[in-house]
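Everything below concerns the one structure shown next.
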DNA sequence: GCTTACTAACTATCCAGTTAGTTTGACCAA
DNA sequence: TTGGTCAAACTAACTGGATAGTTAGTAAGC
């Protein structure tokens, strides 16, 4: 028999969506399998029919989310163009991916706090694709002489962290709006994207940002923070 | 009778430390009261003797952490000086606070993902002090003509998010180092602080970053979030 | 008649919070 | 100095309500 599809997709799809919402809002431990099943309007045993365990369901969701982001940024790079334009699109692609799977930012923040306890190699592989793509864009920009030398990891954090923070913090901002100073206007997504684009490119344009140090230390880690 | 102090502080202090570590690593739901008690080397009932509940303990920890940050940035502002120097110190103060209470970043990331479910007014009040301080620094810089106009909230996110991300992600980076591209060198804290300082100041120096919007918006996507 | 999709009801464990006490030391009165 | 009183500090053992995962069986299409 083929999946019995009811309104809002097959039971498997509803399960996936319900689980993403639950995991994002409550975290792995706070999420309850019964509640996920109820939200998806299926019997709990069906969850174990489609997925091996709560943990496997969680991993499948994360893998899919990271896969989407990795695919989006890879497409950006493959499309080519000047490095600075690519970088702008890279940043936008990540913001759009966060918008497309609205539970991604919260799950990602939690997973970081968790020390990656629920990640497996295949998920990390997708993450790796993202940072490798950024590395390539930065490298091309450097070759072309439009970017200064930077540590791709620092750059990555400077891009991803604000975008994830902003998306994931929507509920908390809404919840405590009445306790915040009135002049604090909640920004729109485009404002944040524009800010990240501006700051990142500014850091890349100005050589010297992370360089100064090269001469000032002789010890431990490679003298420069650095590019390839 | 006065608190029986054993090595590593009073039982209440050990409790506080053990709970912070547990909550940061496992989240509110994942944290187990029995485990906290065991780590603190006390009987579980003692936890309920010192704190009203698991939730109250959690809140006390968060309140203390935010209070420390708020105090540090307030001191930065009170010390005065040119706005750009204040901003640099503001950023550094936050990074140092994160270093001083190493469980803070993880708890903060989780709380955002959680929608602030465990926050109360007094905690939000401390958070407010931080953003108000930033608002004052930005205002002074604007008055002095060295900063362009920006949304303080976007600026705040651009500062706090990378710092928290970086601190909280230490375990996950360590854990999956072997699966990451070799040229990705893990940055040091100072590199990240320097990057955040550089990017934030660059955005403030260049007037135009977040300005366009007031005049140019007629359709929902601002003309320049954007590509190319 | 075989596989896929589905269900109600169960089990075994875990865990926040409680209870009914015991121990410890500070202070004081005889 | 001794012994009594009190409150703070502490404990072992329990309770009741979740909750992840299982089981044994049913329906429905191919």
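All of the numbers you see were taken from the coordinates with simple rules; none came from a lab. Treat the numbers as computed from the prediction; the structure is a model and nothing was measured. Backbone-built Cβ (ideal geometry, glycine too); neighbour counts: all protein chains shown.
For the stretch A:106-190, count the residues as N, evaluate 2.2 N^0.38 Å, and divide the Cα radius of gyration by that value, please.
Relative to the rule-of-thumb radius for its length, the stretch A:106-190 sits at 1.43.
Quick one: P(r) of the protein assembly as shown from all Cα-Cα pairs, 20 Å bins, percents rounded to integers, in order of increasing distance.
23, 56, 20, 1
Taking chain A as the reference, fit the longest principal axis to its C-alpha atoms, fit the long axis of helix A:104-113 to the helix C-alpha atoms, and give the angle between the two in degrees, 0 to 90, nearest 10.
Roughly 70 degrees between the two axes.
List B:125, B:118, B:52 from most exposed to least, where exposure is judged by having the fewest other Cβ atoms within 10 Å. Don't skip to the end; give the middle numbers.
Working: B:125 14, B:118 19, B:52 11.
The fewest-first ordering by Cβ neighbours comes to B:52, B:125, B:118.
Can you give the Rg to Rh ratio of the stretch B:136-177, both from alpha-carbon atoms, with Rh computed by the Kirkwood formula?
Value, to two decimals: 1.27.
State log₁₀ I(q)/I(0) for the stretch A:2-99 at q = 0.11, 0.15, 0.21 Å⁻¹ as given by the Debye formula over alpha-carbon point scatterers of equal weight, solvent excluded.
Result of the Debye calculation: -0.44, -0.68, -0.97.
Can you sort B:191, A:29 so the residue with the fewest Cβ neighbours within 10 Å comes first?
Lowest count first: A:29, B:191.
Just to confirm the numbers: residue B:142, label point 7 angstrom along the Cα-Cβ line, distances to the other copies in nm, shortest first?
Distances to the matching label points in the other copies: 3.8 nm.
By how many degrees, between 0 and 90 and to the nearest 10, does the Cα long axis of helix B:83-100 differ from the longest principal axis of chain B?
20 degrees
Roughly speaking, what % of Cα-Cα pairs in the stretch B:51-149 are separated by over 17 Å, rounded to a whole number? Display every interim value, and only then the final one.
Working: 2633 of 4851 pairs.
Summing the P(r) tail past 17 Å for the stretch B:51-149 gives 54 percent.
Roughly what angle does helix A:54-79 make with the longest principal axis of chain A, taking Cα atoms, 0 to 90 degrees, to the nearest 10?
For helix A:54-79, the angle is close to 40 degrees.
Evaluate peptide B:101-114: per residue, the Cβ atoms of other protein chains within 10 Å of its Cβ; return the mean as an integer.
Partner Cβ neighbours, averaged per residue: 6.
Report the calculated FRET efficiency for residue B:99 and residue A:78 (r = Cβ-Cβ distance, R0 = 45 Å), to the nearest 0.05.
Values: r = 40 Å, r/R0 = 0.89.
Working from the Cβ atoms, E equals 0.65.
How far is residue A:29 from itself in the other copies, in nm, if each label sits 7 Å out from Cα along the Cα-Cβ line, shortest first?
List, nearest first: 1.1 nm.
Taking each residue in B:24-31, count the Cβ atoms of any other chain within 10 Å of its Cβ, then average. What number comes out? Please list the in-between numbers first.
Working: counts 3, 4, 7, 8, 4, 7, 7, 1.
Mean partner-chain Cβ count within 10 Å for B:24-31: 5.
What list do you get for B:26, B:32 if you sort them by fewest beta carbons within 10 Å?
B:32, B:26
Quick one: grab the alpha carbon gyration tensor of chain A, order the square roots of its eigenvalues as a ≥ b ≥ c, and give me rounded if a/c is under 1.5, else prolate or oblate depending on whether a/b is larger than b/c.
Prolate, since a/c reaches 1.5 and a/b exceeds b/c.
Could I have the simple spin-label model distance between residue B:48 and residue A:146, label points 7 Å from Cα toward Cβ, reported in nm to one decimal?
Label at residue B:48, label at residue A:146, 6.5 nm between them.
Divide by every residue of chain A the summed helix terms, -39500 (n - 2.57) for each DSSP H run of at least 4, and state the resulting mean residue ellipticity at 222 nm, rounded to the nearest 500 deg cm²/dmol.
The helix-only estimate for chain A comes to -21500 deg cm²/dmol at 222 nm.
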